[in-house]
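The values are calculated or read from the model by the stated rules, or taken from the named source; none is laboratory data. Here the structure is a predicted model, which means the values were calculated and not measured. Positions of Cβ are backbone-derived with ideal geometry, glycine not excepted, and every protein chain shown enters the neighbour counts. The area values use the complete protein model at the heavy-atom level, side chains included, leaving out ligands, DNA and RNA. Shrake-Rupley method; radii C 1.70, N 1.55, O 1.52, S 1.80 Å.
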Amino acid sequence: MQKKILWFALILMMAGSLQVKAQYAKQDSTYKKYFVGSTLFMLANLIPDNNPPEMVYLNVGYRITGKDAVSLEFKTWKYAWPIGIPFGKSYEAEGEGFPGYIREYGVSLSYYRFLWKGLYTQVDVMPAWQTFANENGNKIDNGFQIFNTYSIGYHIKLFKDRFFFQPSIAITYRPYQSKMPDSFKQVDDRWSRFFFGQPGLHFGYNF
């Protein structure tokens, strides 16, 4: 249900907004330099579920030029299935999850490059600190990983460029993962460290 709601929101907003002029012109000196934002995925916290993500996400950015931007993203969430499970019958399926959950805290550095109109690419590198908890919610270990995201998306200006919306699709990759508790590692090792087709639903405010 959660995936269907988010995909529906993505398709609806893209269909209604693709004609909006979104490119920040290279010669334009009037665009807003700074922005703050978050993600619509935080709405998943409100959906009744036996595994709510308890996500908090804040993005603070700076537009270097009309075509280049950087940002710091502060994130925390929890998950009970390996990140590498692809969409399909195994995704969040019973019997495929961890014997508990992982709570993650990360600060990522992102670089955006505008290519054409509102089309952009993004590279995001995030060191993340992890807490492993058992099925009773009791902490059993700590961990650390590097989590990278490679995205392509579309930047849509809203309300005279005061707000924006950025639907995207991404490949994620974990180049480094510290040693997990054995019970978690046995489950995680079944799946790739790559994930293809991760949707993004970011929004923000320019100032």
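Exactly one of (1) within 27 Å of Gly204 (Cβ to Cβ); (2) touching a strand residue (DSSP E or B) at 6+ places or on another chain (Cβ under 6 Å); (3) open to solvent by 60 Å² or more (accessible area, probe 1.4 Å); (4) without any contact (Cβ under 8 Å) to a residue 40 or more places away in the chain is unmet by Tyr111. Its number?
(4)
Every residue in segment 59-74 that is open to solvent by 30 Å² or more (accessible area, probe 1.4 Å), out of contact with any Lys or Arg (no Cβ under 8 Å at 6 or more places or on another chain) and under 20 Å from Tyr120 (Cβ atoms), please.
Hits for segment 59-74 are Val60, Ile64, Val70, Leu72.
Please name all residue pairs, on different chains or six or more residues apart, with Cβ atoms under 9 Å, provided the first residue is in segment 114-127 and is more than 19 Å from Ile156 (Cα to Cα) and among the basic types (Lys, Arg) and the second residue is open to solvent by less than 70 Å² (accessible area, probe 1.4 Å) and at pLDDT 95 or above.
So the pair list comes out empty.
Which one of Phe196, Phe203, Phe159 is at pLDDT below 95, surrounded by fewer than 18 Cβ atoms within 10 Å (Cβ to Cβ) and among the hydrophobic types (A, V, I, L, M, F, W, C)?
Being at pLDDT below 95, surrounded by fewer than 18 Cβ atoms within 10 Å (Cβ to Cβ) and among the hydrophobic types (A, V, I, L, M, F, W, C) holds for just one of Phe196, Phe203, Phe159, which is Phe159.
Would you point out which residue out of Ser151, Ser178 is modelled with pLDDT of 95 or more and either over 27 Å from Val36 (Cα atoms) or surrounded by fewer than 16 Cβ atoms within 10 Å (Cβ to Cβ) (or both)?
The unique qualifying residue is Ser178.
Select from segment 167-190 the residues that are free of Cβ contacts under 8 Å to residues at least 60 places away in the same chain, part of a strand (DSSP E or B) and out of contact with any Lys or Arg (no Cβ under 7 Å at 6 or more places or on another chain) and list them in ascending order.
Selection gives Ser168, Ile169, Ala170, Ile171, Pro175, Tyr176, Gln177.
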